[in-house]
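Following: one structure in C-alpha cells, then a few remarks.
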Amino acid sequence: MKKLLQPDELARDARFSRVDMAERFNDKRTVNRDVDGEPGISSRNQRRLSPDTPGASDAARSLMHGIFVGEIQALEGAGRTCWDFEVGAGEDKVPFELKLDMARQCWDESRHCEISIKLSEWMGTELGEFGESAFLFQAACNADPVLRLTGVNRALEGLAIDVFNTMREFGKVAGDPVLEFCEDWMLADEVTHVKMGSDWLRRLTEDNPERRERALEFQRVVDKLFSLGGARGENDDSPIKLARRFRELAGFTNEEVDEIAGLAKEAAEELAARQAS
C-alpha cells in the first residue's frame, strides 16, 4: 500500500462532489451567514446559528454534512498515520504506542461516521447534498508525524470541539434532543483525540524544542486559516464559539486558548482590511 497518500487520491463514490474551501464556505446554505441572511464568510456581521437565524435549517444541515465529511477524513488521516510511519526513533518514525492511539481514534471516527450519517438523515440531508473540501486530510499529509499531530489532533480536532459544542447547544435551543445527545457524545471523543495530540506533542519533542516550535507554528497556521475570517471566536454571538473549558480538558493551557482567540481576531481584521481595499 502506498505511503503518504495525497488529498486528490482519496477514493470517493459518485455521491460526493469535491470543492475547494472557498466554494464550500461561500455556499449560501452554510452556517456563516450575515444578519440579513446572505453568506457571511466574508462579512464582519456574522452571528451565531440559532433557530431564528435566516435559513437556520439549511445552515444546520450544511454544518452537519461538513461534520460528516470531516469524520471521514479524520478516519482516513488517523489510519494513514498508523500506516505511513515505521516504529522507532527519529523524526520520520513513531513509538508503537502512538500507533495504538491512532488505531483507537480510527475506531472512534468510524463510529462518528455512522452517527453523522444517521443524524444527517434525521435532519433531512442526503449524503453529497453539500460539497466536500479536503482541508482536514491535507493537514494529515505532513511527512513529519509531530506536525501531523499538531495540525490534525490539536488544530482541526480542536476546531471539531468548538463545532460539536456549537451544534450541541443549537440542538438544545432548537428542542432537538437527538441532535443534542449525539453531539455531546461525539464531543467527549474529540476531547480525547485532542488530548492525545497534546500529550504526544510534548512526549515526542521533550528533548527537541526546535521541533516543538516548528510543530506549534504549523498549528498556528492551521488555526488561523480555520478561524474562517473571524467566524470562530469567544464572543457569545460568534458563529462558532471557542469551547475554552473543553479545550482545557484536552490539554490546552489558558495561554494557548488565548492565542487561538487572538489568531481569530487577526483573521477577522485582515479580512476586514482586504474588504476595505
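Condition first: touching a Phe, Trp or Tyr at 6+ places or on another chain (Cβ under 9 Å) and without any contact (Cβ under 8 Å) to a residue 60 or more places away in the chain. Can you find one or more residues in the stretch 234-249 that meet it?
Checking the stretch 234-249: at least one residue is touching a Phe, Trp or Tyr at 6+ places or on another chain (Cβ under 9 Å) and without any contact (Cβ under 8 Å) to a residue 60 or more places away in the chain.
Quick one: would you say D207 is part of a loop (DSSP other than H, G, I, E, B) and either within 21 Å of L147 (Cα to Cα) or of a type in the set (G, A, S) (or both)?
Judged against the criteria, D207 is a match.
Are any of the residues in the stretch 9-24 at pLDDT below 80 and crowded, with 19+ Cβ neighbours inside 10 Å?
Yes, the stretch 9-24 has at least one match.
Quick one: what pairs do we get from the stretch 254-273, first residue closer than 11 Å to D223 by Cα, second buried (at least 18 other Cβ atoms within 10 Å of the Cβ) and acidic (D, E), C-beta under 9 Å, 6+ apart or different chains?
E259/D223; I260/D223; L263/D223; A264/D223
Of all residues being in a helix (DSSP H, G or I) and acidic (D, E) in the stretch 236-268, which is surrounded by the most Cβ atoms within 10 Å (Cβ to Cβ)? Just the residue, please.
E256
Taking the criterion of being within 13 Å of the chain's Cα centre (by Cα) and within 18 Å of S62 (Cα to Cα), would at least one residue in the stretch 213-227 satisfy it?
Among the residues of the stretch 213-227, at least one is within 13 Å of the chain's Cα centre (by Cα) and within 18 Å of S62 (Cα to Cα), which makes the answer yes.
Out of L271, L216, I need the residue that is at pLDDT below 85 and not in a loop (DSSP other than H, G, I, E, B). Which one?
None of the others qualify; the one that does is L271.
Okay, residues lined up against (1) in a helix (DSSP H, G or I); (2) buried (at least 17 other Cβ atoms within 10 Å of the Cβ):
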| site | (1), (2) |
| --- | --- |
| L63 | yes, yes |
| I67 | yes, yes |
| E76 | yes, yes |
| G79 | yes, yes |
| A89 | no, no |
| L100 | yes, no |
| R104 | yes, no |
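Looking at (1) surrounded by 21 or more Cβ atoms within 10 Å (Cβ to Cβ); (2) among the charged types (D, E, K, R); (3) farther than 27 Å from L119 by Cα, which is the one condition that is false for R274?
Failed condition: (1).
Starting from the stretch 184-204, keep only residues that are hydroxyl-bearing (S, T, Y), then list their pairs with residues that are assigned to a helix (DSSP H, G or I) whose Cβ atoms are within a distance under 8 Å, requiring at least 6 positions of separation or different chains.
Cβ pairs passing all conditions: T192/D108; S198/N153; S198/R154.
Please enumerate the residues belonging to the stretch 109-145 that are of a type outside the set (S, T, N, Q), over 23 Å from Q219 (Cβ atoms), within 19 Å of the chain's Cα centre (by Cα) and assigned to a helix (DSSP H, G or I).
Passing the criteria: R111, C113, E114, I115, I117, L119.
For the stretch 112-123, state whether one or more residues are buried (at least 19 other Cβ atoms within 10 Å of the Cβ), farther than 16 Å from A60 by Cα and of a type outside the set (D, E).
Scanning the stretch 112-123, I find at least one residue that is buried (at least 19 other Cβ atoms within 10 Å of the Cβ), farther than 16 Å from A60 by Cα and of a type outside the set (D, E), so the answer is yes.
The values are calculated or read from the model by the stated rules, or taken from the named source; none is laboratory data. Because the structure is predicted, anything quoted here is derived from the model rather than measured. In this analysis, Cβ positions are derived from the backbone assuming ideal geometry, glycine residues included, and neighbour counts consider all displayed protein chains.
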